[in-house]
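First the structure, in the form of C-alpha cells, and then the observations on it.
The values are calculated or read from the model by the stated rules, or taken from the named source; none is laboratory data. In this text, all values refer to a predicted model and were calculated from it rather than measured experimentally. As a convention, Cβ positions derive from the backbone with ideal geometry for all residues, glycine included, and neighbour counts pool all protein chains shown.
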Amino acid sequence: MQNAAITFGSREDKKALEENPVFAPKFDSDGLIPAVAMDAESKEPLMLAYMNAESLKMTLELGEAVYYSRSRKEIWHKGATSGHVQKVKEIRTDCDQDAIILYVDQQGAGACHTGRSTCFYRVVDLEKGTDPTALSFTETDLTFDPNAVYGK
C-alpha cells in the first residue's frame, strides 16, 4: 500500500490538537481538506485546491503538491500535464487543523489553468455603486498558452 509509512495523529483531544506537535488534519465529510498554495518567496496566493488523505500523504512523500480534483474525482499531481510543478517548501496548518497552507516554489510559467501565474488574478471592487459587484484584473497578460499546454 502506498503511503503506509505516513500516519496522522489522533483528533480525540481538542487541546492536544491545538498544542501538541502532532499533525492530525481534519478532513470534511467528503474526506477533503482545503489547501492554499502560496508562493514561498513573495507569499502571494497562487491557488486553492483540496486534498484527501492519500494526496496529502503523497505530497509529504514527494515534496511536490498533489491534490484531489473534485470535478474529476481523482488524484491530481500538480504539473503532471503542464510541467508547472509546485515544489513544497513548507506546510502549515491552522489551529484546529482543518485547513492547510503550502508554501511552494512554483515551477514553470504559472499555477492557473487559465494561463496566468496565479488563480487569484482579480480583485473584488469594494466601492459601492456597481450592480453586480465589479472585479478588476490584476494580471491581464498570460504567462503561458493554456490551449497549447492542455490541448483544449
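Residue-by-condition table, conditions (1) surrounded by fewer than 12 Cβ atoms within 10 Å (Cβ to Cβ); (2) assigned to a loop (DSSP other than H, G, I, E, B); (3) under 22 Å from the mean Cα position of the chain (by Cα):
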| site | (1), (2), (3) |
| --- | --- |
| Ile6 | no, yes, yes |
| Arg11 | no, yes, no |
| Pro21 | yes, yes, no |
| Ala24 | no, yes, yes |
| Asp28 | yes, yes, yes |
| Met38 | no, no, yes |
| Leu48 | no, no, yes |
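Scanning segment 131-152 for residues that are part of a loop (DSSP other than H, G, I, E, B), at pLDDT 90 or above and either exposed (fewer than 11 other Cβ atoms within 10 Å of the Cβ) or at positive phi (or both) yields Asp141, Asp145. Of everything in segment 58-70 that is within 14 Å of the chain's Cα centre (by Cα), over 20 Å from Cys119 (Cα atoms) and not hydroxyl-bearing (Ser, Thr, Tyr), the residue that is surrounded by the fewest Cβ atoms within 10 Å (Cβ to Cβ) is Gly63. Within segment 50-92, the set of residues being in a helix (DSSP H, G or I), of a type in the set (Ser, Thr, Tyr) and in contact (Cβ under 8 Å) with a residue 40 or more places away in the chain comprises just one member, Thr59.
Among the β-branched types (Val, Ile, Thr) and either farther than 30 Å from Asn20 by Cα or modelled with pLDDT under 95 (or both): does that describe Thr81?
Working: among the β-branched types (Val, Ile, Thr): yes; either farther than 30 Å from Asn20 by Cα or modelled with pLDDT under 95 (or both): yes.
Here the answer is yes, as Thr81 does meet what is asked.
Taking only segment 71-85 into account, find how many residues are surrounded by fewer than 13 Cβ atoms within 10 Å (Cβ to Cβ) and either polar (S, T, N, Q) or touching an Asp or Glu at 6+ places or on another chain (Cβ under 9 Å) (or both). If you could, list the steps in order and put the result at the bottom.
Within segment 71-85, the first condition is being surrounded by fewer than 13 Cβ atoms within 10 Å (Cβ to Cβ), and the residues that meet it are 71-74, 80-81, 83.
From what is left, the residues that are either polar (S, T, N, Q) or touching an Asp or Glu at 6+ places or on another chain (Cβ under 9 Å) (or both) are 71, 81.
Summing the residues that are surrounded by fewer than 13 Cβ atoms within 10 Å (Cβ to Cβ) and either polar (S, T, N, Q) or touching an Asp or Glu at 6+ places or on another chain (Cβ under 9 Å) (or both) in segment 71-85 gives 2.
Could you list all residues from segment 104-129 that are touching a residue at least 60 places away in the same chain (Cβ under 8 Å) and hydrophobic (A, V, I, L, M, F, W, C)? Before you say what the answer is, go through the steps one by one.
Keep residues of segment 104-129 that are touching a residue at least 60 places away in the same chain (Cβ under 8 Å), which gives 104-106, 111-112, 117-120.
Val104, Ala111, Cys112, Cys119, Phe120, listed by residue number.
When Lys128 is tested against (1) surrounded by 15 or more Cβ atoms within 10 Å (Cβ to Cβ); (2) among the basic types (Lys, Arg); (3) at pLDDT below 95, exactly one condition is not met: (1). The C-beta contact set for segment 32-45 (first residue without any contact (Cβ under 8 Å) to a residue 60 or more places away in the chain, second residue part of a loop (DSSP other than H, G, I, E, B), distance under 8 angstrom, 6+ apart or interchain) comprises Leu32/Asn52; Leu32/Arg70. Restricting attention to segment 66-109, the residues that are out of contact with any Leu (no Cβ under 6 Å at 6 or more places or on another chain), closer than 20 Å to Phe27 by Cα and aliphatic (A, V, I, L, M) total 6.
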